[in-house]
1. Want the number for Q274 to Q101: 0.36 nm per residue separation, take away the alpha-carbon distance, what's left?
2. Note the full-extension length gain between A126 and S206 as 0.36 nm times their separation in residues minus their Cα-Cα distance, in nm to one decimal.
3. At a Förster distance of 22 Å, what's the computed FRET efficiency of Y193 paired with Q57, Cβ-Cβ distance as r, to 0.05?
4. Using label points projected 7 Å from each Cα along Cα→Cβ, tell me how many nm separate L133 and K215, to one decimal.
5. Determine, from the Cβ-Cβ distance of N140 and A170 and an R0 of 41 Å, the FRET efficiency 1/(1 + (r/R0)^6), rounded to the nearest 0.05.
6. Take R119, project a point 7 Å from its Cα along the Cβ direction, then tell me which residues of the range 37-62 have their backbone nitrogen under 16 Å from it.
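What follows is calculated from the coordinates using simple rules that are stated; it is not laboratory data. Keep in mind it's a predicted model, so treat the numbers as computed, not measured. Note that we place each Cβ from the backbone using ideal geometry, even for glycine, and neighbour counts take in every protein chain shown.
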Amino acid sequence: MAGNKVVNGYEFVTYSLNRHFQLFYSAKNSRTYPMHYHNAMEITMPMTKPYGCTGEQGFQSADAQEILFVGSGILHCVGPLKGQEGGSHYTLLADTDWLNQFQAFPLLREKTSSIFIVRTHMEHYAAIKEAMLSICQLYNSQDPYKDMVIAADFLQLITLIAREMEKAAAAETVPAAAAKSHFRQEILFSSHYIREHCAQDLTLESMGQMLGISKYYYHRKFKEICHLSFHEHLTRCRMDLACQYLKTESHSVEEIAHLCGYKSVSSFIHMFRQCFQVTPSQYRKASGCFPEPAGSEIDPADSPG
């Protein structure tokens, strides 16, 4: 966006007004920005056609003149809706570091850590829209006080958005809140499913689809509830299975690698050694179980020279 650099999904924003704000205007929406995140808060106002945003909890769209808000550090993808290209929009990226001077900032950051649409029927919509338009009009003006006025407009804008987000959270229905608490059971079920099917080609995408959520939301909730990542849990399960095979079966290391879901024997040996500081053959020998068939394990670290 506006020449910003994206590295591994993180967008480095170059602020052009007093190092706090960057305003971007698109006269004809056609581009979709892939999944990324940044430290900045992002506020977009589509002017003539709807504008969409996909985040961890799914897809949302803002109609023309509504306000799309993306909190700091939130993974998201934005762009025009299919068949609705050609509209225009303003996007304001606001640095959050300078807000640390305010005592209320930790609370505001907590309340705004998600994606939110300010709808036209909401109490503070008119004031939020007015502040956004004021920023857009002043941004390229010659007003010598514009940086101060824009900062004041932004503080009002973000405070009112936070209030609307608080109201929306408070109005959440009991069934919806209950559904959220039950989601813990779904994550724990998926953890058990991974252990039972770890030899299969499991991915974040497939697990998210199984629970009807995005892979990003599944990844975050899994780590939150299980205290380790999906890939860490999958590796543990595969290593446990490998140890079981090495102790109780006479399969070669190559066979065990494939039985544990690894397509590459060298990748399996590398991961096993990383977890246990010994190779599979050394583990089997130390366990005093089945001897490894000669030449069945190829480990570069064990090769002479």
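1. Working: separation 173, 0.36 × 173 = 62.28 nm, distance 4.47 nm.
Gain on stretching Q274 to Q101: 57.8 nm.
2. Details: separation 80, 0.36 × 80 = 28.80 nm, distance 4.24 nm.
Working it through step by step, the gained length comes to 24.6 nm.
3. Working: r = 22 Å, r/R0 = 0.99.
The computed FRET efficiency comes out at 0.50.
4. Distance between the two pseudo-spin positions: 4.2 nm.
5. Numbers: r = 39 Å, r/R0 = 0.94.
E(calc), rounded to 0.05, equals 0.60.
6. Backbone N within reach: 51, 59-62.
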